[in-house]
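Below is one structure, written out as structure tokens; comments come after it.
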Amino acid sequence: MLAAAAYSRPFKLYRYSQRQWLERSLQLGEFRLCPAGEVQAATSHQDQILPFGSRRSAPSTNYLTLSLANAWDDSLFDTFAGADCCLVIHQAEEFGERIHRAAQRALPSWAGIDAAVSYGVPSPLGGAFSKGKQQAAEKEWLFAWRPMQPELLAHPVVIRIGSIEGIAELRSRAA
């Protein structure tokens with residue numbers, strides 16, 4: 001069963017990165033799901049609520065994420081080290097459904113959800129979707145998955161959703 005978005009997805013999504021990786025994303029639909037510890041090591045707090053609500057069976061960092069922005073912003077090229085290009089996804093709904101289907105195939109014993117990150121206040125979805133106010137400029141839309149069985153550990157996973165050239169494009173940073 002596919003996870004439904006907790007909130008309405010924005011019309012467009014944006015991924016800031018190096019052109020070489022975004023070309024693979026555009027042509028092959030290749031995306032790397034990263035353990036939350038790699039992404040949030042500097043922002044994790046012991047008092048954060050657990051990912052996806054108050055369920056206590058999974059450690060707070062044992063989930064995989066894919067982060068995008070929900071707005072175009074030239075300053076985000078500076079926020080993400082080495083970013084020289086942006087993948088603009090024009091049909092976020094289709095993209096999200098394809099991401100969840102591919103993740104479900106790769107991670108059959110995991111539950112996934114996507115939503116906007118909450119800045120400065122805890123998200124009802126938990127620590128995975130909560131960040132400090134100082135990071136609000138990231139305008140993050142997060143896809144996240146957690147194991148249904150606590151003994152499963154989060155390791156990087158590459159998924160492929162097929163070419164997204166019909167629903168997305170690459171844009172360089174404005175000069």
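Any read-out appearing in this document is the output of simple, stated calculations on the displayed coordinates, not a laboratory observation. Keep in mind the model is a prediction, meaning the values are calculated, not measured. Heads up, the Cβs are rebuilt from the backbone with ideal geometry, glycines too, and the neighbour counts pull from every protein chain shown.
The table below gives the values:
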read-out	value
Inter-probe distance in nm under a simple model that places probes 7 Å from Cα toward Cβ, at residue 79 and residue 8	2.2
Cα-derived Rg to Rh of region 71-134, Kirkwood definition	1.02
Distance histogram for region 107-175 (every C-alpha pair counted, 10 angstrom bins, percent rounded to whole numbers)	16, 32, 36, 15, 1
Extension gain (nm, one decimal) between residue 101 and residue 171, 0.36 nm per residue minus Cα-Cα	22.6 nm
